[in-house]
Structures are given as structure tokens and as C-alpha cells.
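Participant: Handing you a structure now.
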């Protein structure tokens, strides 16, 4: 596994070593010991989640506040997405930075999103199956987010806005400058 630093502190792209032959492929998707050696971070994943989305579905930008904050390791099992992380840690040297990457079933890349970052993705393929490991349990009372089209973040979602499919809840999230973090 190769770990690539991003422009957000402690946010990493993971690129696995893929072994392919006539039967298909094999790769190690996560190794806690190796991850800790390469990043200096120790994570203990306690919950796995999976979603299925059609083209144009935008989920995000989400995070959990306070004691319920979550680090996530995300990847695409089928299809292709544009994945986005935003550093919302006010004491971070990369506060306000946005990182974008393409995750797909073909490139097998993963993104480690540390606690204190908002996260979202948009489906670029006809459908996508998105998988993520979390280091803390979901708490609906701690749920929070940032509006996807925040003018200060200026995220290019690489899909025409008229084609986006966004939940009602995600359409009324606050702007980045209005965040109140607990």
C-alpha cells in the first residue's frame, strides 16, 4: 500500500498494490499496522457503511460534531465518484482546505478522512456502490454539514448543477463561514 499526502493534514489517499492475472485481481484494502507505520495515525474502525447511488447523486458535505466525530476510510466498490474532503478543524494548519479525488472500482484508491473534516461525494458513473469504515459510531444528534455549493469553498463537483440529485436535508445545510463546531 502506498500512502499519498493531500493538502489536508492527516488526510491521505491510499493506493493499494493490486495483483492481477487471468483469474482477476487481489489487493489488501487495509492493514492497520502498515497504515500506522506510514501515517503515524492509529485508528480503530468500529462501523462499516455502504451506499448505492445513481449518476448525479451528491451526498454531503457531512460530518459529526464533538465526541461523535468520525474518521472515515472510503472507497468505491462499483462505479466512479468524485470524493471531497474539507478541513473544518479551526486549529488545523490546513483549516478550510478542500481536497478532491476520483475514487473508482477501477483505480481501487481509498481516501482516509480524519476526524474534523467534512466529507461528500457525487456519483459520476451511471451507478456507484460506496463503502466506508468509521472509527466512531453514528450519532444522529451529532449530525452536521456544509452546503455543497458554498461560495467560499468553491468546489467544482465536475457535473452540471442541473444534473445533481440532492436530498432536501443537504440542500439547507449552513455555509462554511457559519459553522459552529462543538
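Laboratory data are not the source of any read-out in this text; all were calculated from the coordinates shown. These numbers come from a predicted model, not from an experiment.
Participant: Per DSSP H run of at least 4 residues, take -39500 (n - 2.57); add these up for the chain, divide by its residues and hand me the 222 nm value, nearest 500 deg cm²/dmol.
Facilitator: Working: 2 runs with 12 residues, N = 182.
So the calculated ellipticity at 222 nm is -1500 deg cm²/dmol.
Participant: Using the Cα gyration tensor of the stretch 97-164, with a ≥ b ≥ c the square roots of its eigenvalues, what is the shape: rounded (a/c below 1.5), prolate (a/b larger than b/c) or oblate (neither)?
Facilitator: In terms of gyration-tensor shape, oblate.
Participant: Starting from the Cα gyration tensor of the stretch 113-152, take the square roots of the eigenvalues, sort them a ≥ b ≥ c, and report rounded, prolate or oblate (rounded when a/c is under 1.5, otherwise prolate if a/b is larger than b/c, else oblate). The partial results should precede the final answer.
Facilitator: Working: a/c = 2.05, a/b = 1.16, b/c = 1.77.
Oblate, since a/c reaches 1.5 and b/c is not below a/b.
Participant: I've got another one for you. Pairs of alpha-carbon atoms within less than 8 angstrom and 6+ residues apart define the contacts here; what relative contact order does the stretch 21-157 have, in percent?
Facilitator: On the way: 284 pairs, mean separation 50.6, N = 137.
For the stretch 21-157, the relative contact order is 37 percent.
Participant: Starting from 0.36 nm per residue, how many nanometres of slack lie between residue 51 and residue 127 once their C-alpha separation is accounted for? Don't jump to the answer; show the numbers that get you there.
Facilitator: Working: separation 76, 0.36 × 76 = 27.36 nm, distance 1.05 nm.
Full-extension gain reported as 26.3 nm.
Participant: In whole Å, what is the distance between the alpha-carbon centres of the stretch 11-56 and the stretch 112-127?
Facilitator: 14
Participant: What shape does the stretch 1-85 have by the C-alpha gyration tensor, where a ≥ b ≥ c are the square roots of the eigenvalues, rounded means a/c under 1.5, and otherwise prolate means a/b greater than b/c and oblate the rest? Walk me through the numbers on the way to the answer.
Facilitator: Numbers: a/c = 1.81, a/b = 1.12, b/c = 1.62.
Oblate, since a/c reaches 1.5 and b/c is not below a/b.
Participant: Calculate how many DSSP beta bridges within the stretch 32-182 are antiparallel, expressed in % of all such bridges and rounded to the nearest 5.
Facilitator: Details: 38 of 40 bridges.
Percent antiparallel among DSSP bridges in the stretch 32-182 is about 95.
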